[in-house]
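> One structure coming up, written as structure tokens, with questions to follow.
Only the coordinates and a few stated rules stand behind these numbers; no lab work does. Here the structure is a predicted model, which is why all the values come from computation and not from measurement. Cβ sites come from the backbone with ideal geometry, for glycine too, and all protein chains shown count toward neighbours.
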Amino acid sequence: MPVQQTETLTGGRWAGAETWVDVFDPTDVREPVARVPALSAEAVRDAYGAAAEGFAVWRGMSPFERAGILFAAAALLRERAEAVAADVSAENGKTLAEATGEALKAADFLEYYAGTAREGYGALLHDVRPGTKAGFQREPLGVVLAITPWNDPLLTPARKLAPALAAGNSAVLKPATETPLSALHLARALHDAGLPAGVLNVITGRTSEISEALLSDPRIAAVTFTGGNAVGERLRVRFAERNVRFQGELGGKNATVVLADADLEAAAAAVVAASFGQAGQRCTATSRVLVERSVHDAFVGLLCEKAAALPVGSGRDAATRVGPLVSPSHRKSVLKDIDTAVAQGAEVVLGGGAPEGDAYAHGCYVAPTILTGVAPEMDVWRVEVFGPVLAVRPVDGFDQAVAEVNDSVYGLAAAVFTGDLGAAHRFIDAVEAGQVAVNTTTSGWDVHHPFGGFRDSGSPFKEQGSEALRFYTRVKTFAIHHG
């Protein structure tokens, strides 16, 4: 099968490079499925120059013109959804159903923020001085650097670029090295919809060769990053020294509480979906479950029954519910985390390793895994695994459950299953998490819902909804004396 060679977009042109980076399908990593340009540091600097020029054009356009381009790009993503989903699945491993949903949700982001063109962008204020009218207006920042991960390789760039562009900024996008094709589909849709040259520039290549040029450019006005905490913290400190605005959507160790009065069948189905969808490679995936002791054993039995029934395989197989992990190195990391949990005393009640058989021999598969006998001090209870691994513990009532949910450096998402409305409201008020669910999964939020975590799960700036525009704009206050 020929290897797809895809150019990248910088300065309004699609171009290659002297060298290329291979992209692999995690269902079979023996041969690459695509290649993208390995841009040089000089090419990155040129991209920032193009972004600065593009910003001057883009900010001067009517917001309704900008909205028209975003709407047109959304329509193109919908038209191309089948081809887009095929590449998302090929480079990431997620199922075609998950990949198609990602393509359509990316279109949703473009449409939603295009709609904000009709909204107000400031307000009038009373002024104590006679004959004076005051107010404030929101303005774009300039060139935004967006660094995006491999787990949602199309949705996350759309989540960042849609509000950034709608507000009038230009952007330099660095997608994950493992999954660049998805971001290039988004860039193609925007380019074909009429985005002016330089407004979006996509940097593909080897991070080790271009990171300094990518991060040090003085034209960067803001940085939005989704990824791991170690990298996120380094970026936060680095850009704080330059007074560059920084947004981080980082890790999570998301907990779900199941109280004794819950509908256990419905709770088990929701937890399995939240834990093993996208092979557990979601920042909002459920990875800890706290079950009231009287129903613990029955609930674990339901979890095992439902998780064992999930077909594992290629994302291109319509029957698959759990695809491979994104890369051999990530698979190795997840298997090591399982081994460490067992060494520390956890018991594997389902899965625990790679599935056997020829179909899995050359892929990055990990079987859905459920652990019991987990203690709060174990690594698997505290450290993000980012794979299809679920740890379950019994608790003695609501108060202990809330305390254990909050006993974490993270605070991204949490859920409770209960038939008690009072307990549901107390849980929403008491847990330290940016997203709280009652009788539903921790994952899956609409584009107009503010998204982001507390504590080490992220920065104060939320993504999604109207809140996202706060990050991508600055406020200018004015006063007019009219005699």
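> Among ALA361, LEU290, ALA260, whose Cα lies farthest out toward the positive end of the dipole of region 254-446, if unit charges sit on the beta carbon of Lys, Arg (+1) and Asp, Glu (-1)?
ALA361
> Follow-up question, since we're still on this one. Roughly how many Å is it from the Cα centre of region 367-429 to that of region 125-181, as a whole number?
One Cα centre to the other: 34 Å.
> For the chain, what mean projected area does the convex hull of the alpha carbons give, in nm²? Let's see the in-between values first.
Numbers: hull surface 98.5 nm².
About 24.6 nm², averaged over all directions.
> Could you work out how much longer the chain between GLU18 and PHE136 gets when fully extended? Use 0.36 nm per residue separation minus the Cα distance between them, nm to one decimal. Let's see the in-between values first.
Details: separation 118, 0.36 × 118 = 42.48 nm, distance 4.84 nm.
Between GLU18 and PHE136, full extension yields 37.6 nm more.
> Here is a further query. For region 194-252 and region 30-94, compute the distance between their C-alpha centroids and round to whole Å.
16 Å
> So how far apart, in nm, are the two label points at ASP317 and PHE64 if each is 7 Å from Cα heading toward Cβ?
The answer from the label model is 5.3 nm.
> To continue, here is another question. When the label point is put 7 Å from the Cα of VAL3 along its Cα-to-beta-carbon vector, which residues of region 23-59 have a backbone N closer than 15 Å?
Residues passing the 15 Å test: 23-26, 29-39.
> Computed FRET efficiency, Cβ-Cβ of ALA75 and LYS332, R0 30 Å: what is it to the nearest 0.05? Can you show the working numbers first?
On the way: r = 41 Å, r/R0 = 1.38.
Calculated transfer efficiency: 0.15.
> So, one more: Counting other C-beta atoms within 10 Å, which of CYS304, CYS283 has the fewest, and how do the rest follow? The partial results should precede the final answer.
On the way: CYS304 19, CYS283 26.
The order, fewest Cβ neighbours first, is CYS304, CYS283.
> Further question: What do you get for Rg/Rh over region 254-446 if you use C-alpha atoms and the Kirkwood form of Rh?
0.96
> Moving on. Using helices alone, I'd like the mean residue ellipticity at 222 nm for the chain: each DSSP H run of four-plus residues gives -39500 (n - 2.57), total over residue count, nearest 500. Each step should come with its number before you reach the end.
Working: 15 runs with 185 residues, N = 483.
Result for the chain, helices only: -12000 deg cm²/dmol.
> Would you mind checking the tilt of helix 229-240 against the longest principal axis of the Cα atoms of the chain, expressed as 0 to 90 degrees and rounded to 10?
That helix lies at roughly 20 degrees to the long axis.
> Let me ask you something else. Kindly provide the GluC sites (Glu not before Pro) of region 204-310 that DSSP labels as loop, not H, G, I, E or B, and whose Cβ sees at most 10 other Cβ atoms within 10 Å. Can you show the working numbers first?
Working: sites: GLU209, GLU212, GLU233, GLU241, GLU249, GLU265, GLU292, GLU305; in loops: GLU241.
Answer in residue order: GLU241.
> Can you tell me the 0 to 90 degree angle between the C-alpha axis of helix 180-192 and the longest principal axis of the chain, rounded to 10?
Between helix and principal axis, roughly 30 degrees.
> Measure nothing but the geometry: give the 0 to 90° angle between the long axis through the Cα atoms of 264-276 and the longest principal axis through the Cα atoms of the chain, rounded to 10°.
60 degrees
> Based on a Kirkwood Rh over C-alpha pairs, give the Stokes-Einstein translational diffusion coefficient of region 414-483 at 37 °C and viscosity 0.692 mPa s in µm²/s. Please list the in-between numbers first.
Numbers: Rh = 14.7 Å.
Estimated diffusion coefficient is 223 µm²/s.
> Assuming R0 = 41 Å, can you tell me the calculated FRET efficiency for the pair SER40 and GLU356, based on Cβ-Cβ distance, to the nearest 0.05? Display every interim value, and only then the final one.
Details: r = 44 Å, r/R0 = 1.07.
Calculated value: 0.40.
> Points 7 angstrom from Cα along the Cβ direction at HIS425 and ALA123: gap in nanometres?
About 2.8 nm, to one decimal.
> Please work out the FRET efficiency for the pair THR440 and THR207, using the Cβ-Cβ distance as r and a Förster radius of 41 Å; give the result to the nearest 0.05.
Values: r = 37 Å, r/R0 = 0.90.
For THR440 and THR207, the calculated efficiency is 0.65.
> Take HIS126, HIS481 and order them by how many other Cβ atoms sit within 10 Å, fewest up front. Show your work: numbers first, answer last.
Values: HIS126 8, HIS481 11.
Final ranking by Cβ density, sparse to dense: HIS126, HIS481.
> Could you give me the ³J(HN,Hα) list for region 295-306, computed from phi with Karplus coefficients 6.51, -1.76, 1.60 and θ = phi - 60°, whole Hz, x at Gly and Pro?
Once rounded to whole Hz, the list reads 10, 4, 5, 5, 5, 4, x, 5, 4, 5, 4, 6.
> Pairwise over distinct Cα atoms, reciprocal of the mean inverse distance: report the Kirkwood radius of region 72-127 in Å, one decimal place. Could you put the intermediate results ahead of the total?
Numbers: mean 1/r = 0.0774 Å⁻¹.
Radius from the Kirkwood sum: 12.9 Å.
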